[in-house]
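Q: Please read through the structure below; I'll follow up with questions.
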Amino acid sequence: MLSPSQPSGLWWALLGVAAFSFTVPFTKAAVAGLSPLFIGSGRAVLAAVLAGFALALTRQRLPRGAQCVRLAVVAAGVVVGFPLLTSFALTSTPASHGAVVIALLPAATATAAVLRGRERPRLAFWLVTGAGALAAIGFASLQSGGFGLLHWADVLLLGAVVAAAVGYAEGGLLARELGSWQTVSWALVLASPLMVVLTAVSVTQQPPSATPVQWLAFAYLGVVSMFLGFFAWYRGLAIGPIAQVSQIQLVQPVLTICWAGLLLGETLTWSTVVGGLAVILCAGAAVRVRLKPAPEQPAVHTPRTLQPAKD
């Protein structure tokens, strides 16, 4: 059975996944006219400007101490690592292929949540999560010419999965302290100096020149994929449990494949369809598995102070 708070978390997460499902097709559309370095860094700069305004207008309190270090982890994963790695990978692989490789992300996020927090999924959870991961790996390998022959783009996508998983798990925990939109906003602001430098380098190397459609795709990546989508996603993870709620992201490749076919005209092969159906079935099973209760901490008894006996 699901905990009373979990359905709310699942709905918030599903809203975030719906926003993220356009990320890969729009990145694929944007790299046709813009450099991957500009897309990966420039969209973070655009989102950071929005985040800075939001934080200033609402007068949010500055993060303190360890929170800044944890925000750096979030920024490294979801602001720097994932956008840059996927942008470079999609210069040479179809959006539908990238979508199913990224289906490994829920399993990776669940693993990161277990390592970072105190969540204890049952064996059944790991079985269905592992089945979804194997389906994604098998798809990527077969599409690349056979097992053991992964393309370099798949290596970049797998690196993006690891980066995002760490950022999602840490961000979900931090959102319980700072708030969902505050967490992503502070992460964007923290990473903004680096991303501004990278954007300037990309403009120097290859001045951006794109069609209106490509600029609209870039705008979506900055405003929604890097900013607004995280409002709902981190809200869902904060409600948690992170390991379980993150499995809703297994529906993302199915949505992305549909958008790639409709918006980019990519051909949907049977292997792509079967891979997508396999992971979405695993998502449905994973979110229904109960988590083991966290181990209770032994009570600490404070010795009473001996009082002098009364006459």
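Q: Among 43-53, 94-104, how do they line up from the highest to the lowest mean number of other beta-carbon atoms within 10 Å?
A: 94-104, 43-53
Q: A further question follows. I need the peptides 239-245, 34-40, 259-265, 182-188 ranked by packing, meaning the mean over residues of other C-beta atoms within 10 angstrom, with the highest value on top.
A: On the way: 239-245: 25.9, 34-40: 24.1, 259-265: 16.0, 182-188: 27.9.
In descending order of packing, they fall as 182-188, 239-245, 34-40, 259-265.
The numbers here are math on the coordinates, done by the rules we state, and not lab data. For clarity, every value in this text was computed on a predicted model and none was experimentally measured. Reconstructed Cβ throughout: ideal geometry from the backbone, glycine too, with neighbour counts over all protein chains shown.
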